[in-house]
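These notes concern the structure reproduced below.
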Amino acid sequence: MSEGAAPAAKAETLVLAGCGQMGSAMLRGWLARAAASNFVVIEPAGLPPAFANSGNVAWHREVAELPDRLVPDAVVFAVKPQIIDSVLPPYRRWARPRTLFLSIAAGITIAGISRHLGDAAIIRTMPNTPAAIGRAITVACANPQVTPDQRRLCEALLAAIGESAWVEDEALLDPVTAVSGSGPAYVFLLIEALAEAGERAGLPAELALRLARETVAGAGELARLSPESPARLREAVTSPGGTTRAALDVLMADDGLPRLLDRAVAAATKRSRELAS
């Protein structure tokens with residue numbers, strides 16, 4: 001596309017800054033859905049081997065290696081929040097209306113990004129690692145410089161890795177980070193703990209892990225597809241005086257799972273806000 005042309009819903013060129021676990025998950029989703037014609041990965045550690053044979057993925061150690069004539073439709077920052085201040089400055093070369101900047105760095109505000117990029121179109125997002133299988137949930141917040149076409153481009157990129165939603169109040173991204181950004185780790189811990197409890201109750205380790213993994217996966221899919229609320233689905237499994245009721249009496253006690261999750265989400269929200277300061 002020529003300089004100044006409006007971006008299409010599909011990017012011609014997308015630059016991914018950082019290709020660690022989350023960046024790789026997103027790139028796999030984008031490649032599977034052909035979300036861009038060309039991908040440029042900036043990763044000092046090298047291109048992950050999984051992408052070595054992808055013909056439309058080019059790797060560079062740093063952004064200074066790219067030719068001046070390259071003007072991407074979108075730049076996605078998938079780097080750790082602790083290093084983003086050192087990563088951003090060289091990308092100011094593309095701070096113009098044509099290029100959209102997306103950040104997935106937890107706790108890093110749009111204002112914090114603007115300090116390095118200037119008057120640029122910026123969208124702050126919070127995806128999660130199920131992006132690797134096209135099942136992410138991502139929440140996004142845009143600054144006023146983002147055009148309707150760039151919103152559509154963002155939505156197309158996010159659709160390639162799962163579902164998405166918008167918020168206008170950027171402060172909501174801190175609890176979003178705590179619930180969905182960090183949430184997969186809570187679910188994986190549940191699988192671990194359930195499998196270990198099953199093993200302690202006498203199950204073979206392999207069977208206990210299989211039961212825990214498939215139960216969480218199946219229940220999650222049922223919750224996603226069912227029109228019933230999670231509370232109603234829980235009640236449908238729970239017979240008065242039965243085994244599930246005995247377990248829920250423990251899990252739903254005053255010091256049980258709901259209270260633990262309140263504390264966990266509050267701690268993650270607090271940390272997200274601290275990263276922004």
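Global dimensions of the chain from alpha-carbon coordinates: Rg and Dmax equal 21.3, 71 Å. A dipole drawn for the chain from +1 and -1 charges on Cβ atoms has a positive end, and of Leu70, Gly18, Ile123 the residue lying farthest that way is Leu70.
Each of Ile83 and Leu172 was given a label point 7 Å from its Cα along the Cα-to-Cβ line. The distance between the two points is 3.2 nm. Of the Cα atoms belonging to region 11-173, the radius of gyration and Dmax stand at 14.2, 41 Å. Measuring between their Cα centroids, region 145-205 and region 52-100 lie 25 Å from each other. Placing +1 on the Cβ of every Lys and Arg and -1 on the Cβ of every Asp and Glu, with no other charges, gives the chain a dipole of roughly 320 debye about its Cα centre.
Computed from backbone phi, the HN-Hα couplings of region 238-246 come to 9, 8, x, x, x, 5, 5, 4, 4 Hz, rounded to whole numbers (Karplus: 6.51 cos²θ - 1.76 cosθ + 1.60, θ = phi - 60°; Gly and Pro given as x).
Look at the dipole of region 183-276 built from charges on Cβ: of Met252, Leu209, Gly183, the Cα furthest out on the positive end belongs to Gly183. As a proxy for reagent exposure, Cys141, Cys19 were ordered by neighbouring Cβ count within 10 angstrom, fewest first; the result is Cys141, Cys19.
Here region 226-275 was treated as a single set of alpha-carbon atoms; its pair distances binned every 5 Å from 0 give 4, 18, 16, 18, 17, 12, 8, 5, 2, 0 percent. Amide H contacts for Leu16 (H built 1.01 Å from N in the peptide plane; partners 5 or more residues away or on another chain; cut-off under 5 Å): Val40, Val41, Ile42, Val76. Going by alpha carbons, how many degrees (0 to 90, nearest 10) lie between the helix axis of 21-33 and the longest principal axis of the chain? Approximately 80 degrees, to the nearest ten.
Quick note: the coordinates plus some simple rules give every number you see, no bench work behind them. Here the structure is a predicted model, which means the values were calculated and not measured. Methodologically, a virtual Cβ is constructed for each residue, glycine included, from the backbone with ideal geometry; neighbour enumeration extends over all protein chains shown.
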